[in-house]
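Quick notes on the structure that follows.
The values are calculated or read from the model by the stated rules, or taken from the named source; none is laboratory data. Treat the numbers as computed from the prediction; the structure is a model and nothing was measured. Ideal geometry is used to build each Cβ from the backbone, glycine not excepted, and the neighbour counts take in all protein chains shown.
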Amino acid sequence: MIEHTSVLREEAVQALNPTYGKTYIDGTLGGGGHAKHLCNLLDATSTLIGIDQDPVALAQAQEKLANCPPTLKLVQGNFGNLLTLLLQVGLPKIDGGILLDLGVSDFQIKHPERGFSFLHAAPLDMRMDPNGPQTAADLVNTLPAKDLANLFYQYADEKLSRSIASAIVNARPIENTLALAKIAENIYRQKGIKAQKIHPATRIFQALRIAVNQELQMLESCLNQLPNILLPGAHVAIITFHSIEDRMVKQFFRVACAPCICPPQQPICTCQHQATFKAMGKPIVPTDQEVQDNPQSRSAKLRVYERI
Ligand SMILES: C[S@@+](CC[C@H](N)C(=O)[O-])C[C@H]1O[C@@H](n2cnc3c(N)ncnc32)[C@H](O)[C@@H]1O
């Protein structure tokens, strides 16, 4: 079985301050690597709620977590609907903390039929939730060139977004991962851009995956629910893998941690804003050793906060 290598495993689990008797959420259960480590630091008076939108990941994690000491409540769904999922398991208030380890798992990438990888021929799917409303093929074959270009630029900083988008529109219908990757490769070659550190298709695959799974919208929705769900003392640990989601987390907590959000030139505070979180130190990044052992971890950043 393909195992996911957990990123910043020790750091993220310790950031949750595992405490007997408390309830924790792993909102991105994946292969259950972080969850297993967390469970090993908890006892039978504790509870772990494991969430993943991918039923295959959930089944894999269930096997891995069998016989763990805490009470386990596993639920399939999107952390963007966090409160609804917590109500399903009867635990709408959380005193321990929540972990989000964003993005896809090695397991998903290395199963070619899921369509996340441009290294294997497969249908252009990219849905983490197999019942999600749209596939990458739907976007690639229906969005106007301008919208596709914006998507590539905004979600992945693709400099050749316009040329790639118009080549895609000219090549429709595109149903296959390799066909799409070839288009990006050809555009790079035509523009005379020599081999880069990453494959020319990397960015457009990232952008499509983000759009297909509405990753930014779901993250924003989850963040907005946290102040009402977490009890004082509960911790939030979020691992991001690209600058757009990291910026979203940073900006959300900059406001959530601020005692006042009045414009700086205003002499007297009128905002009535109250800080709901405090930052727990600086962002944590993988050690050189971790990056060497698991190159996928190179762009990871862990941010930690405490509900006050
Ligand atoms: C990087 S993996 C997590 C790996 C896990 N921490 C481990 O150590 O094995 C991310 C997982 O989160 C899931 N996921 C991503 N976004 C999600 C969302 N919005 N709601 C629920 N699950 C999500 C993916 O399906 C994937 O299984």
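Here are a few things to note about the model shown:
- Selection from region 265-294 of residues that are of a type in the set (S, T, N, Q) and part of a loop (DSSP other than H, G, I, E, B): 265, 266, 270, 272, 274, 276, 287, 294
- Looking only at region 73-122, and only at residues there that are in contact (Cβ under 8 Å) with a residue 60 or more places away in the chain and more than 30 Å from residue 208 (Cα to Cα), the one that is nearest to the chain's Cα centre (by Cα): 97
- Residue within region 194-204 that is hydrophobic (A, V, I, L, M, F, W, C), in a helix (DSSP H, G or I) and surrounded by 16 or more Cβ atoms within 10 Å (Cβ to Cβ) present: yes
- Test: residue in region 254-262 that is away from the ligand (no atom under 16 Å from the Cβ) and crowded, with 19+ Cβ neighbours inside 10 Å: yes
- From the options 121, 136, 171, residue that is modelled with pLDDT of 95 or more and away from the ligand (no atom under 16 Å from the Cβ): 171
- Any chance residue 104 is within 12 Å of the ligand (Cβ to nearest atom), surrounded by fewer than 21 Cβ atoms within 10 Å (Cβ to Cβ) and under 18 Å from residue 218 (Cβ atoms): no
Yes or no, residue by residue, for (1) within 19 Å of residue 119 (Cα to Cα); (2) free of Cβ contacts under 8 Å to residues at least 12 places away in the same chain:
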| position | (1), (2) |
| --- | --- |
| 146 | no, no |
| 149 | no, no |
| 159 | no, yes |
| 163 | no, no |
| 167 | no, no |
| 171 | no, no |
| 174 | yes, no |
| 180 | yes, no |
| 183 | yes, no |
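- Here 287, 240 are screened, and the one residue that is without any contact (Cβ under 8 Å) to a residue 40 or more places away in the chain and not assigned by TED's automatic domain parsing to the domain that holds residue 155 is 287.
- Region 1-40: number of residues that are hydrophobic (A, V, I, L, M, F, W, C), within 12 Å of the ligand (Cβ to nearest atom) and closer than 30 Å to residue 112 by Cβ: 6
- The residue of region 11-34 that is surrounded by the fewest Cβ atoms within 10 Å (Cβ to Cβ), among those that are in a helix (DSSP H, G or I) and either touching a residue at least 60 places away in the same chain (Cβ under 8 Å) or not assigned by TED's automatic domain parsing to the domain that holds residue 90 (or both), is 11.
- Hey, residue 269 surrounded by fewer than 12 Cβ atoms within 10 Å (Cβ to Cβ), of a type outside the set (Gly, Ala, Ser), free of Cβ contacts under 8 Å to residues at least 40 places away in the same chain and more than 30 Å from residue 202 (Cα to Cα) or not: yes
- Scanning region 112-162 for residues that are of a type in the set (A, V, I, L, M) and under 19 Å from residue 186 (Cα atoms) yields 119, 121, 124, 140, 145, 148, 149, 156, 160.
- Check on residue 115, within 15 Å of the ligand (Cβ to nearest atom) and not assigned by TED's automatic domain parsing to the domain that holds residue 244: yes
- Test: residue 70 is surrounded by fewer than 18 Cβ atoms within 10 Å (Cβ to Cβ) and either under 17 Å from the mean Cα position of the chain (by Cα) or modelled with pLDDT of 95 or more (or both): no
- Residue within region 45-64 that is away from the ligand (no atom under 14 Å from the Cβ), surrounded by fewer than 24 Cβ atoms within 10 Å (Cβ to Cβ) and closer than 25 Å to residue 280 by Cα present: yes
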